[in-house]
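Asker: This is the structure, below, for whatever I ask next.
The values are calculated or read from the model by the stated rules, or taken from the named source; none is laboratory data. None of these values were measured; they are calculated from a predicted model. Here the Cβ is made from the backbone with ideal geometry for all residues, glycine too, and neighbour counts use every protein chain on show. The protein model used for the area step is the full one, side chains on, heavy atoms only, and it has no ligands, DNA or RNA in it. Shrake-Rupley method; radii C 1.70, N 1.55, O 1.52, S 1.80 Å.
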Amino acid sequence: EAALEVTARYCRSELEQYGRCVAASPASWQRDCHSLRLGISRCASAHPIVRRIRSDCAEPFAAFERCLQENEATVGKCSEHVAAFLRCAEQV
């Protein structure tokens, strides 16, 4: 949630370009807009807050990923892990 907020705030131009591309290419947006999607990712990952979330919250995120791998059929069991990661991200 925090990463999405940062992306919306600091990568607005990239998000708007991507949105226009998707709207203009309803049948082929996944292919046609791929480079714009990568631009959003680059913009977001370059932001200091996102970098800090990745650093400070690496442990709860890794626990969430392990839970997903161990519970592929019942991912609902991982809600605790998601909550822990989100709590961490909100504190950054």
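Asker: If a residue must be part of a loop (DSSP other than H, G, I, E, B) and surrounded by 13 or more Cβ atoms within 10 Å (Cβ to Cβ), how many such residues does the stretch 53-77 contain? It would help to see each step written out before you state the result.
Answerer: First, the residues of the stretch 53-77 that are part of a loop (DSSP other than H, G, I, E, B): 57, 71-74.
Subset that is surrounded by 13 or more Cβ atoms within 10 Å (Cβ to Cβ): 57, 71.
Final tally of qualifying residues: 2.
Asker: How many residues are open to solvent by 50 Å² or more (accessible area, probe 1.4 Å) and in contact with a helix residue (DSSP H, G or I) (Cβ under 6 Å, 6 or more places away or on another chain) when one looks only at the stretch 39-52? Spell out how you get there, then give the answer.
Answerer: Filtering the stretch 39-52 for residues open to solvent by 50 Å² or more (accessible area, probe 1.4 Å) gives 41-42, 46, 48-49, 51-52.
Going one step further and asking which of them are in contact with a helix residue (DSSP H, G or I) (Cβ under 6 Å, 6 or more places away or on another chain), we end up with 49.
Qualifying residue count for the region: 1.
Asker: Moving on. When you go through Glu5, Glu80, Glu14, Glu90 one by one, which is the residue that is assigned to a helix (DSSP H, G or I), open to solvent by less than 70 Å² (accessible area, probe 1.4 Å) and not small (Gly, Ala, Ser)?
Answerer: Values: Glu5 fails: open to solvent by less than 70 Å² (accessible area, probe 1.4 Å); Glu80 fails: open to solvent by less than 70 Å² (accessible area, probe 1.4 Å); Glu90 fails: open to solvent by less than 70 Å² (accessible area, probe 1.4 Å).
Every option except Glu14 fails the conditions.
Asker: With within 18 Å of the chain's Cα centre (by Cα) and at pLDDT 95 or above as the only criterion, which of Ser13, Ser41, Ser35 stands out? Write out each step before concluding.
Answerer: On the way: Ser13 fails: at pLDDT 95 or above; Ser41 fails: at pLDDT 95 or above.
It is Ser35.
Asker: Tell me, please, whether a residue that is open to solvent by 80 Å² or more (accessible area, probe 1.4 Å), in a helix (DSSP H, G or I), within 27 Å of Phe85 (Cβ to Cβ) and among the aromatic types (Phe, Trp, Tyr) can be found in the stretch 23-38.
Answerer: The answer is no; no qualifying residue exists.
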